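The values are calculated or read from the model by the stated rules, or taken from the named source; none is laboratory data. This structure is a prediction, so every number in the text was calculated from the model and none was measured. Positions of Cβ are generated from backbone atoms using ideal geometry, with glycine treated the same way; all protein chains shown enter the neighbour counts. The accessibility values were calculated without ligands, DNA or RNA, using every heavy atom of the protein model including side chains. Shrake-Rupley method; radii C 1.70, N 1.55, O 1.52, S 1.80 Å.
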Amino acid sequence: LVDRTKRPHLMVSGASGSYKTRSSIRTAVACNLTQGWNVTVIGKAVDFFPFEDHPNFSILSVDVRKHAQKYLDLLRSLTAKMDERDQLLASKRISTWDRYGAPQDLIVLDDFSGFMLRMTNTSRVEVLDELKQIAMDGRKFGLNLLIGIQRPSASSIDTDLRSLLARISFRVETAKE
């Protein structure tokens, strides 16, 4: 069990074929939807079709090989949403999104290392900057990350970002992961 009030962001790791998406990420999506959260999957859609008709669920398909900038723009829109919510909370004199009473948002980035491999070095740095901002401040503004990744090593995910994520691990290839 992960206490989302203490660790609002989650990383699910495991080798290809370890069923991290179907057994863990989809379960988290279903649980969050039943609690009234809004869930957005950015990236590959194929594993999330069972949820496509749910009113609080959306898939933003992005082919990173062709549209890395779109992926980055989607992440930037999330940090902009945090700025908007900050202004809203300040105007209401409320300190957190929980206290405001609106639904939380879960942002799912499955196959994260696959996306990062397809981006230029400049795009990778920008993506990591946006994600670190969300991971540092997102809880306050009702934005929660769920990142699925095959190899959570320092070469595939920034260690600063990784330290901000609660972890669930399935079968991995080496003890270093």
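Every condition in (1) surrounded by 14 or more Cβ atoms within 10 Å (Cβ to Cβ); (2) assigned to a helix (DSSP H, G or I); (3) in contact (Cβ under 8 Å) with a residue 24 or more places away in the chain; (4) not hydroxyl-bearing (Ser, Thr, Tyr) holds for Pro50 except the one numbered (1). Can you tell me which residue within region 119-143, out of those that are in a loop (DSSP other than H, G, I, E, B) and buried (at least 17 other Cβ atoms within 10 Å of the Cβ), is farthest from the chain's Cα centre (by Cα)? Per the stated criteria, the residue is Met119.
Among the residues of region 58-78, those that are farther than 11 Å from Ile42 by Cα and surrounded by 19 or more Cβ atoms within 10 Å (Cβ to Cβ) comprise Ala68, Leu78.
Looking at the structure I just gave you, is Ile25 open to solvent by less than 50 Å² (accessible area, probe 1.4 Å), of a type in the set (A, V, I, L, M) and either more than 21 Å from Ile134 (Cα to Cα) or not in a helix (DSSP H, G or I) (or both)? Outline the logic, then answer.
Values: open to solvent by less than 50 Å² (accessible area, probe 1.4 Å): yes; of a type in the set (A, V, I, L, M): yes; either more than 21 Å from Ile134 (Cα to Cα) or not in a helix (DSSP H, G or I) (or both): no.
When the stated conditions are applied, Ile25 does not pass them.
Which residues, counting only those in region 115-134, are in contact (Cβ under 8 Å) with a residue 40 or more places away in the chain and over 16 Å from Ala80 (Cβ atoms)? Once the filter is applied, which keeps residues that are in contact (Cβ under 8 Å) with a residue 40 or more places away in the chain and over 16 Å from Ala80 (Cβ atoms), region 115-134 yields Phe115, Met116, Arg118, Met119, Thr120, Ser123.
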